[in-house]
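Read the structure below first, then the notes.
The values are calculated or read from the model by the stated rules, or taken from the named source; none is laboratory data. The structure presented is a predicted model; accordingly, all values stated were derived computationally and were not measured. Glycine gets a Cβ as well: all are built from the backbone with ideal geometry, and neighbour counts include every protein chain shown. Quick note on the areas: whole protein, heavy atoms, side chains included, nothing else; ligands and nucleic acids left out. Shrake-Rupley method; radii C 1.70, N 1.55, O 1.52, S 1.80 Å.
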Amino acid sequence: MGDNWDDSDDDWDKSDDEDELDRRLGLTKIEDDEEDLTLKEKERLEKASQVKLKAKGSVFADKKAASANAKEELELARKAMEIEAEMEANMTPDERRQIERDREDADAQAMADDLFGGMDDGPMGAGPGAPGAPGKAMMSGDKVVLKDLKDHLRHAKKVGECIQGH
């Protein structure tokens with residue numbers, strides 16, 4: 001007696017035909033070879049938004065750093081003025097006259113530099129790329145040129161930061 005229970009080919013048994021079921025339900029399967037354009041567009045927009053946010057973040061960081069530098073510069077100028085005023089209060093009249101002459105000479109030199117394009121850069125090659133120029137690291141044998149009290153205070157602050165870092 002042969003039992004045909006397992007070999008039935010009923011019309012209602014469509015478990016093998018999943019594509020037809022998906023088609024009837026409105027579901028479409030994405031093959032590995034096919035690419036969903038909406039997903040690609042979404043990824044592209046996310047990347048563009050990330051780039052935009054990074055740019056905004058870097059601009060904000062630059063503004064914050066510039067603000068901190070301006071604040072530090074203002075604080076150094078204020079301290080320098082306080083120390084210079086204190087030093088002048090303790091000077092003799094001859095010392096005050098000498099300081100006044102030095103300031104006038106420095107102002108005249110600065111005006112001449114502005115007029116003729118800043119000729120006090122030093123010898124050839126001592127321009128913005130030279131060691132000791134702002135933003136450049138100094139080597140162990142380089143000379144530190146401190147022209148005024150503000151430069152001394154700035155240098156002292158950098159030395160203090162380096163010592164704290166060690």
Single residue of GLY132, GLY127 found to be more than 24 Å from LEU76 (Cα to Cα) and either among the hydrophobic types (A, V, I, L, M, F, W, C) or modelled with pLDDT under 80 (or both): GLY127
Scanning segment 136-166 residue by residue, those over 25 Å from ILE99 (Cα atoms), modelled with pLDDT under 85 and open to solvent by less than 90 Å² (accessible area, probe 1.4 Å) turn out to be ALA137, MET138, GLY141, ASP142
Of everything in segment 90-109 that's of a type in the set (A, V, I, L, M, F, W, C), part of a helix (DSSP H, G or I) and within 16 Å of LEU149 (Cβ to Cβ), which residue is modelled with the lowest pLDDT? ILE99
